[in-house]
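J.: Before I ask anything, here is the structure I am working with.
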Amino acid sequence: SPVKINQISLDESGEHMGVCSEDGKVQVFGLYSAEEFHETFDCPIKIVAVHPHFVRSHFKQFVTGGKKLLLYERGWMNRWKPSVLHEGEGNIRNVKWRGHLIAWANNMGVKILDMISKQRITNVPRDDISLRPDMYPCSLCWKDNLTLIIGWGNSVKICSVKERHASEMRDLPNRYVEIVFQFDTEFYISGLAPLCDQLVILSYVKEISEKTEVECCARPRLDIVQPLPESCEEISSDALTVRGFQENECRDYHLEYSEGESLFYIISPRDVVVAKERDQDDHIDWLLEKKKYEEALMAAEISQKTIKKHKILDIGLAYINHLVEKGEYDVAARKCQKILGRNTELWEFEVYKFKEIGQLKAISRYLPRRDPVLKPLIYEMVLHEFLESDYEGFATLIKEWPGDLYNNTIIVQAVVDHLKKDPQNRTLLRTLAELYTYDQRYGRALEIYLTLRHKDVFQLIHKHNLFSSIRDKIVLLMDFDSEKAVDMLLDNEDKISIDRVVEELENRPELQHVYLHKLFKRDHHKGQRYHEKQISLYAEYDRPNLLPFLRDSTHCPLEKALEICQQRNFVEETVYLLSRMGNSRSALKMIMEELQDVDKAIEFAKEQDDGELWEDLILYSIDKPPFITGLLNNIGTHVDPILLIHRIKEGMEIPNLRDSLVKILQDYNLQV
C-alpha cells in the first residue's frame, strides 16, 4: 500500500483478512482462496471488521467505520450490498465483532447491535467527555460471546448481554445489557484483555518530574486486576521500558491478545512487547533463585508432566549440594534416598563426594541395601570409616546390612587386625562372631559367643544344628546359663547323650546336680543309674529337694541314703528312711529326742497306726507336761484317753489341762 494501513481484521479461522487504509481503500480477501472485495471511499477508512465466521458461505459479511458504520453483505450473483448501521455521532473509532453481536465506539459512547434481529440493544455513554476521543480512544474486547469489556479514559465497564423475559418484551429488543462491574483506574487505559476471571490492562502513565516539576510521560504499565462490583484489586503490575515512551501518547499504545495461547502483545510506535502468562517453569526458576529448593522440588514433582525447562533430578541434585554447602549433612544424606532413587552411578558419585568432605557416616544410614545394590567397594569404604572411629556404629551396620553387600573376608581381616590392638573389646568380638556366622564359620562364632556369654549362643546352636561343636563346651554353656543349657541338652538327648553330659560335668558336681535334677524332674527313670550319685549331690548342693527325691525315686539304695543322712545328721530324711525300711520305733524315738516335736510324733504314729508305737509315745511323754498337752489334744480318736490320764503323776502341772479335757469329752460324745 502506498499509504498508511489503519486496520487489519482476521476471521476466527485465520483464512480471511480485511484491510483498510488512509486513502479510503477497503479490501477483503481470502489468504488461501481467490475471493476478493475492493472498494474505494471518498474519505479515510479507520475501521474494518470481518464476520468471525467469514469462512462460511452464509456469513460473508464485514463492516467498515468512518463517518458511518456500514455493513457489507454478499448477496445474489456474489454482489456486495452495503447498508448503514449507524451514523451521525462522529467518527466510528473502534469495532469488535463476536458471534452475532457487533460493538462499536463513536464520540458519544459504545453501542451493541444484535445481527440476528438487526436491532441496537444498548448505548453505554462515555463517562469523561472532557477527554478527546481521538487522543484517548475507547478500548473494546469481548471476553466471551455475551460479555463485553469497555475501557475509556480511566473507566472500566464489564457488560453482560442477557435475554429479556417474554413478559417484558412489548416493543423492546429481545436482548438487553447489564453492567456487572464498573470501576476507575489510576491511569488512562490504552488496551484491555481478559485473563480467566481477571483483566489485563495496558495503561498510559503521566507523572510529575522530580527535577523540572512538569508533567511528563512515564513508562506504560501492564497490570493484572481482579474486578469487584465497584472497584478492583491489583494482582500484579509491571512498568514496561519501550523505546521513545517519553514522546508517546495514550493512542500510541495498543494491547492485542491471542486467546488460545495466553499471549499478550503490547504495541508501541517503536516496539512490540510479548507478555506471556507465567508457567510452572518460571515459578521453579524463581524458587531456585531464592534458594527455596524444597519447594522447587515439590513444585516440579506436582507439575512434572507440564514443565519443559526443568528436570526433577537436576533440582534434587542442586538441593543436595545446597544442603551440603550449608553443613546440613544428615538432611542432605536423607534426601539422597528420594532424589537418587535407583540410579547407582549417582549414588556412588554422592558417596565419594561425602567421603571427600569427611561425612561418610552421615550417608551410611541411607545407602540402598537392595534394588539397587551398589558396588561392594562402597559399603566396604563406609565400614572401614566406622571401624577406624566408631566401633558401636560399625557393629550396628554389620547387624543391619545383609552380609552379601560387601566382601566378608576383607571385613573379617580388618576386624581381626583391630582386635590385635584391643583383644578384649566386646563390641569387636561380638561383631566378628556375626561376620563368622554370615560366612557360615559357626564353630568360630560359637567360641566367641561363649567367651562373651552372649545371649544369642543358644539360638545359634539351634539354628545351625551345632551340637557336634558343643560336646566339649558343655561346662562353658552351663556356666553361662545353666537353665537354658540344661533345657537345650535335655531337648536334644539324641544328639548329646546323658552319659556324655554327666561325664563332661564330672569335675563340676554343682552343675552335674543341676542337670541330673532337671532330668529326674522330667523322667524318674531315665537317669536311674545316677540316683545313688544324686543322693550325695542333693545332700551337698540342694538339701530341700533331697526328701522329695528320696520319696519319688524307686532306684535309690536306701542303706546308702541312710548312711549319708546319718553322717550329715539330716533328721527328717533319716526318719523317713528308717520308717521306709520298717524301723518305725527308731524313727519315732528320733522324732521325740532329736526333733522334740510332739505334733510330728503324733502324726507319725497316726500314719503307722501301730499300738506299740502309741505305747512308746505315751511312755516317752509322761514326764513332759507340754507333750502330755499335745497328746491329750490329739490322742482321743486313736487311743483311749483314760490310759494316758491314769499314768499322769499326782500333782503334775499340765498347761491348758482344762481345755484339753473339754476337747476329750467333746470327741468322746462325737464318737458315741
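J.: From the set of residues in the range 190-241 that are within 22 Å of R132 (Cα to Cα) and β-branched (V, I, T), which is nearest to the chain's Cα centre (by Cα)? Break it down stepwise before answering.
T.: The first filter runs over the range 190-241 and keeps only residues within 22 Å of R132 (Cα to Cα), leaving 190-192, 201-208, 214-221.
From what is left, the residues that are β-branched (V, I, T) are 201, 205, 208, 214.
On the way: I201: 46, V205: 53, I208: 58, V214: 64 Å.
Per the criteria, the residue is I201.
J.: State whether the residues of the range 385-400 include one that is small (G, A, S), farther than 25 Å from H418 by Cα and touching a residue at least 24 places away in the same chain (Cβ under 8 Å). Let's see the steps before the verdict.
T.: Kept after step one, since they are small (G, A, S), are these residues of the range 385-400: 389, 393, 395.
Next cut, farther than 25 Å from H418 by Cα only: none.
The answer is no; no qualifying residue exists.
J.: Take P44 and tell me if it is under 60 Å from the mean Cα position of the chain (by Cα) and under 27 Å from P133 (Cα atoms). Break it down into steps so the answer makes sense when it comes.
T.: Numbers: under 60 Å from the mean Cα position of the chain (by Cα): no; under 27 Å from P133 (Cα atoms): yes.
Considered against the rule, which asks whether it is under 60 Å from the mean Cα position of the chain (by Cα) and under 27 Å from P133 (Cα atoms), P44 comes out as no.
J.: Could you run through the range 72-96 and say how many residues are open to solvent by less than 30 Å² (accessible area, probe 1.4 Å), within 23 Å of D134 (Cα to Cα) and assigned to a strand (DSSP E or B)?
T.: Matching residues across the range 72-96 total 3.
J.: Kindly indicate which of K118, K143 is in the same structural domain as C232 (by the TED database) and in contact (Cβ under 8 Å) with a residue 40 or more places away in the chain. Break it down stepwise before answering.
T.: Working: K118 fails: in contact (Cβ under 8 Å) with a residue 40 or more places away in the chain.
Of the residues listed, the single one that is in the same structural domain as C232 (by the TED database) and in contact (Cβ under 8 Å) with a residue 40 or more places away in the chain is K143.
J.: Please specify each residue of the range 320-375 satisfying the condition of being basic (K, R) and part of a helix (DSSP H, G or I). Talk me through it step by step, then tell me what you get.
T.: Residues of the range 320-375 that are basic (K, R), as a first pass: 326, 334-335, 338, 342, 353, 355, 361, 365, 369-370, 375.
Scanning the range 320-375 gives K326, R334, K335, K338, K353, K355, K361.
J.: Which residue is farthest from A105 (Cα to Cα), if the candidates are limited to the range 167-193 and must be open to solvent by less than 20 Å² (accessible area, probe 1.4 Å) and not aromatic (F, W, Y)? Lay out the reasoning, then the answer.
T.: Of all residues in the range 167-193, those open to solvent by less than 20 Å² (accessible area, probe 1.4 Å) come to 183, 189-193.
Right, trim to not aromatic (F, W, Y) and you get 189-193.
Details: I189: 15, S190: 14, G191: 14, L192: 15, A193: 17 Å.
Within the range 167-193, the match that is farthest from A105 (Cα to Cα) is A193.
J.: Return only the number of the condition from (1) over 60 Å from the mean Cα position of the chain (by Cα); (2) assigned to a strand (DSSP E or B); (3) within 19 Å of K67 (Cα to Cα) that A103 does not satisfy.
T.: Answer for A103: the failing condition is (1).
J.: So in the range 116-166, with the set limited to residues that are closer than 25 Å to F59 by Cα and of a type in the set (S, T, N, Q), which one is surrounded by the most Cβ atoms within 10 Å (Cβ to Cβ)? Talk me through it step by step, then tell me what you get.
T.: The first filter runs over the range 116-166 and keeps only residues closer than 25 Å to F59 by Cα, leaving 116-122, 140-149, 160-163.
Still in the running and of a type in the set (S, T, N, Q): 117, 119, 122, 145, 147, 160.
Values: S117: 12, Q119: 13, T122: 20, N145: 11, T147: 16, S160: 15.
By that ranking, first place goes to T122.
J.: Please determine, by comparing only the residues of the range 253-279 that are open to solvent by 40 Å² or more (accessible area, probe 1.4 Å) and either assigned by the TED database to the domain that holds T185 or touching a residue at least 60 places away in the same chain (Cβ under 8 Å) (or both), which one is farthest from K206 (Cα to Cα).
T.: Here the residue is E277.
J.: From (1) on the phi > 0 side of the Ramachandran plot; (2) at pLDDT 85 or above, pick out the condition that doesn't hold for D371.
T.: Answer for D371: the failing condition is (2).
J.: Out of the residues in the range 137-151 meeting the condition of being among the polar types (S, T, N, Q) and part of a strand (DSSP E or B), tell me which one is farthest from the chain's Cα centre (by Cα). Steps first, answer last, please.
T.: First, the residues of the range 137-151 that are among the polar types (S, T, N, Q): 139, 145, 147.
Cutting the leftovers down to part of a strand (DSSP E or B) gives us 139, 147.
Working: S139: 54, T147: 48 Å.
Only one residue tops the list, namely S139.
J.: Also: Looking at the range 262-310 only, could you name the residues that are among the β-branched types (V, I, T) and within 25 Å of the chain's Cα centre (by Cα)? Steps first, please.
T.: Just the residues of the range 262-310 that are among the β-branched types (V, I, T), to begin with: 266-267, 272-274, 284, 302, 306-307.
Selection gives I284, I302.
J.: Filter the range 475-514 down to the residues that are within 21 Å of Y538 (Cα to Cα) and of a type in the set (V, I, T) and list them by number.
T.: Across the range 475-514, the qualifying residues are V475, V486, I498, V501, V502, V514.
J.: Now, a different point. Mind checking which residues of the range 1-31 are of a type in the set (S, T, Y), over 60 Å from the mean Cα position of the chain (by Cα) and open to solvent by 40 Å² or more (accessible area, probe 1.4 Å)?
T.: Once the filter is applied, which keeps residues that are of a type in the set (S, T, Y), over 60 Å from the mean Cα position of the chain (by Cα) and open to solvent by 40 Å² or more (accessible area, probe 1.4 Å), the range 1-31 yields only S1.
J.: Counting residues that are open to solvent by less than 50 Å² (accessible area, probe 1.4 Å) and closer than 28 Å to V486 by Cα, which helices (runs of 4 or more DSSP H) fully inside the range 496-584 reach at least 2? Before the answer, list the steps.
T.: Numbers: elements: 498-504, 509-522, 531-541, 546-552, 558-567, 571-580.
Fully inside the range 496-584 and qualifying: 498-504, 509-522, 531-541, 546-552, 558-567.
J.: Could I ask something else about it? Restricting attention to the range 32-45, report how many residues are in a loop (DSSP other than H, G, I, E, B) and open to solvent by less than 40 Å² (accessible area, probe 1.4 Å).
T.: The first filter runs over the range 32-45 and keeps only residues in a loop (DSSP other than H, G, I, E, B), leaving 32-35, 41-45.
Remaining after also requiring open to solvent by less than 40 Å² (accessible area, probe 1.4 Å): 45.
Number of matching residues: 1.
The values are calculated or read from the model by the stated rules, or taken from the named source; none is laboratory data. These numbers were taken from a predicted model, which means no experiment stands behind them. So basically every Cβ, Gly included, is an ideal-geometry build from the backbone, and we count neighbours across all protein chains shown. We work out accessible area using only protein heavy atoms, side chains counted, and drop any ligands, DNA or RNA first. Shrake-Rupley method; radii C 1.70, N 1.55, O 1.52, S 1.80 Å.
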